[in-house]
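Working notes for the structure below.
The values are calculated or read from the model by the stated rules, or taken from the named source; none is laboratory data. Note that the structure is a prediction, hence the values are computed from the model and not measured. Positions of Cβ are generated from backbone atoms using ideal geometry, with glycine treated the same way; all protein chains shown enter the neighbour counts. Please note that ligands, DNA and RNA were not included when accessible areas were found on the heavy atoms of the full protein model with its side chains. Shrake-Rupley method; radii C 1.70, N 1.55, O 1.52, S 1.80 Å.
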Amino acid sequence: MFDKKIEIIDDIQTIKLIGDLDVYSEDEFKSFIDEEIDPNKDVRIDLKELDYLDSTGLGMFMNIYKMVNENGKAIKIINAKDNIQKLFKITDLTDLFDME
């Protein structure tokens with residue numbers, strides 16, 4: 001199961017991801033990125049309710065990063081569970097993403 005929500009307050013888009021972001025949810029999340037995320041606003045990704053992330057999901061994070069970075073906007077990841085934080089660390093993505 002995968003779900004996503006977006007909340008926009010001022011110039012910050014908060015994306016809440018729920019469930020499993022993997023190869024099976026790739027098309028749904030890619031459409032969401034293309035249709036819902038404004039590359040001209042900062043992005044905050046809340047992973048409090050994300051239970052699982054695979055390499056396909058990491059690729060989707062990279063797509064968001066490239067999109068907002070090209071427009072001089074910031075991206076921050078918040079509330080990542082230990083298993084997801086570990087995945088970002090072993091792939092050296094903590095160098096790209098501001099995580100708290």
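Among the listed residues V43, V68, identify the single one that is of a type in the set (A, V, I, L, M, F, W, C), in contact with an Asp or Glu (Cβ under 8 Å, 6 or more places away or on another chain) and either assigned to a helix (DSSP H, G or I) or modelled with pLDDT of 95 or more (or both).
Values: V43 fails: in contact with an Asp or Glu (Cβ under 8 Å, 6 or more places away or on another chain).
Just a single option satisfies the conditions, and that option is V68.
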TODO: Please find, within region 16-29, the residue that is farthest from M99 (Cα to Cα) out of those that are part of a helix (DSSP H, G or I) and open to solvent by less than 20 Å² (accessible area, probe 1.4 Å).
DONE: S25
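I'd like the residue in region 71-86 that is assigned to a helix (DSSP H, G or I) and either touching a His at 6+ places or on another chain (Cβ under 7 Å) or polar (S, T, N, Q) (or both) and, out of all such residues, is most open to solvent (accessible area, probe 1.4 Å). Steps first, please.
Within region 71-86, the first condition is being assigned to a helix (DSSP H, G or I), and the residues that meet it are 82-86.
The next check asks that each one be either touching a His at 6+ places or on another chain (Cβ under 7 Å) or polar (S, T, N, Q) (or both); those that pass are 83, 85.
Values: N83: 82, Q85: 56 Å².
Here the answer is N83.
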- [ ] Just one of (1) farther than 16 Å from D82 by Cα; (2) acidic (D, E); (3) not in a helix (DSSP H, G or I) trips up D34, so point out which.
- [x] (3)
Task: Residues of region 1-15 classified as open to solvent by less than 70 Å² (accessible area, probe 1.4 Å) and either assigned to a helix (DSSP H, G or I) or touching a residue at least 24 places away in the same chain (Cβ under 8 Å) (or both), total - done: 6
- [ ] Looking at (1) over 17 Å from A80 (Cβ atoms); (2) at pLDDT 95 or above; (3) of a type outside the set (S, T, N, Q), find the lone condition where I9 falls short.
- [x] (2)
Open item on the list: Quick check on region 48-65: of everything there that is outside any strand (DSSP E or B) and open to solvent by 40 Å² or more (accessible area, probe 1.4 Å), which residue is modelled with the lowest pLDDT?
Closed with: S55
Task: Selection within region 30-47 - over 13 Å from the mean Cα position of the chain (by Cα), among the basic types (K, R) and open to solvent by 50 Å² or more (accessible area, probe 1.4 Å) - done: none
Open item on the list: Looking at the structure I just gave you, is K89 open to solvent by 60 Å² or more (accessible area, probe 1.4 Å), out of contact with any Leu (no Cβ under 6 Å at 6 or more places or on another chain) and assigned to a helix (DSSP H, G or I)?
Closed with: yes
